[in-house]
Amino acid sequence: MTPTEFKTARHTLGLSAAALAAALSDPDGDGVPLNPRTIRRWEAGDSAIPGAAIVAIYGMLAEDKKSPRR
């Protein structure tokens with residue numbers, strides 16, 4: 001997943017960087033909570049997006065497709 005695809009996925013889910021950071025919590029398993037700036041760094045291509053975050057956002061997109069729209 002490219003940084004642009006990651007950002008598009010976040011927007012598709014209707015989440016702010018802060019909300020996605022909270023939802024992902026600890027994608028690399030190091031015990032450190034995510035900061036919204038980390039999300040923005042991933043989206044800018046300044047830092048690599050961890051595989052666990054990519055898997056999580058794909059899962060969130062799949063669940064979003066299953067949910068009925070209001």
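What's the number of the only condition in (1) at pLDDT 95 or above; (2) outside any loop (DSSP other than H, G, I, E, B) that Asp46 fails to meet?
Result: Asp46 passes all but (2).
List, please: which pairs have Cβ atoms under 8 Å, are six or more places apart or on different chains, and start with a residue in the stretch 1-21 that is within 15 Å of Val55 (Cα to Cα) and end with one that is surrounded by 15 or more Cβ atoms within 10 Å (Cβ to Cβ) and among the polar types (S, T, N, Q)?
Short answer, once both residue conditions are applied: Ala21/Thr38.
Can you say whether Arg37 is at pLDDT 95 or above and touching a Ser or Thr at 6+ places or on another chain (Cβ under 9 Å), as far as the supplied structure shows? Explain how you work it out, then say what you get.
On the way: at pLDDT 95 or above: yes; touching a Ser or Thr at 6+ places or on another chain (Cβ under 9 Å): no.
No: the conditions fail for Arg37.
Could we say that Ala21 is under 26 Å from Ser67 (Cβ atoms) and modelled with pLDDT under 95 here? Spell out the reasoning first.
Working: under 26 Å from Ser67 (Cβ atoms): yes; modelled with pLDDT under 95: yes.
Judged against the criteria, Ala21 is a match.
The values are calculated or read from the model by the stated rules, or taken from the named source; none is laboratory data. Fair warning: this is a prediction, and the values are worked out from it, not measured in the lab. With ideal geometry, Cβ positions are generated from the backbone for all residues, glycine too; neighbour counts draw on all protein chains shown.
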